[in-house]
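The structure appears right after this line, and notes come after that.
The values are calculated or read from the model by the stated rules, or taken from the named source; none is laboratory data. Predicted model only: the values in this text are computed from it and were never measured. Every residue, glycine as well, gets a Cβ built from its backbone with ideal geometry; the counts of neighbours run over all protein chains shown.
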Amino acid sequence: MAPRIRPATLDDLDALMVLEHEIFADDPWSREAMRSELVSPHTLYLVAEVDGARPVAFDAAPRIPSPAVGPIGSEAVAPPPAAGDTADAAHIVGYAGLSAPSSADQGDVQNIAVVPELRGTGLGRQLLRLLIAEAERRGLADLLLEVRVDNTAAQRLYRSEGFAQIAIRPRYYRGAIDALIMSRPLANATAATAAIATESVAATPTETEGTP
């Protein structure tokens, strides 16, 4: 069964921290940092979940989530489980986060994580596309992310979705691992650039008519 994707809530914190320590064992976020992300008005976190017990060790199942908060710009996102669902009816297999302060024209992909047994299934790409769609819905001009210089699989995914390297952040990750900074222009920015170019071309004959 394909994973369902929905907005994360604070009720997902325990399950997210289990995955955070499993997937990013060398440099996991603290519980306080993750909690701050989940409750911030400037972020959107998505979780992917599947029914049944996970076929590997998993110590914390998510509790029943609160109602979804805010639109996320895609019909692929499912609503939270019904109130009658049991706490262990589903488990989280991936998550992703977007940070986009209301006063900014630039957003950041905070993280994308998928359990090992579902990597290569397209789940990470689906989560990334939903974040891109939400960033465009919010009117952002471009989207940034950081990725370990040695994580070539993630780099291939990001490049295939329109991201390009713009800089290197030395010794950013634990273990003195460099980070690539990658950027992707969004639809709103592309449309605005095209409109400006069209206006410039249209204005050229008028401007030249008055030239001696």
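Residues in segment 14-47 that are without any contact (Cβ under 8 Å) to a residue 24 or more places away in the chain, among the charged types (D, E, K, R) and surrounded by 12 or more Cβ atoms within 10 Å (Cβ to Cβ): 1 in all.
Any idea how many residues of segment 3-32 are of a type in the set (Lys, Arg) and in contact with a Ser or Thr (Cβ under 7 Å, 6 or more places away or on another chain)?
Quick first cut of segment 3-32, residues of a type in the set (Lys, Arg) only: 4, 6, 31.
Then keep just the ones that are in contact with a Ser or Thr (Cβ under 7 Å, 6 or more places away or on another chain); that gives none.
Residues meeting the conditions: 0.
Every residue, every condition in (1) modelled with pLDDT under 50; (2) more than 24 Å from residue 104 (Cα to Cα); (3) surrounded by fewer than 10 Cβ atoms within 10 Å (Cβ to Cβ), yes or no:
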{"residue": "154", "(1), (2), (3)": "no, yes, no"}
{"residue": "158", "(1), (2), (3)": "no, no, no"}
{"residue": "168", "(1), (2), (3)": "no, no, no"}
{"residue": "176", "(1), (2), (3)": "no, yes, yes"}
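Would you check if residue 60 is more than 28 Å from residue 173 (Cα to Cα) and modelled with pLDDT under 50?
Numbers: more than 28 Å from residue 173 (Cα to Cα): no; modelled with pLDDT under 50: yes.
Judged against the criteria, residue 60 is not a match.
Scanning segment 100-118 for residues that are loosely packed, with under 15 Cβ neighbours inside 10 Å and either without any contact (Cβ under 8 Å) to a residue 24 or more places away in the chain or part of a helix (DSSP H, G or I) (or both) returns 103, 116, 117.
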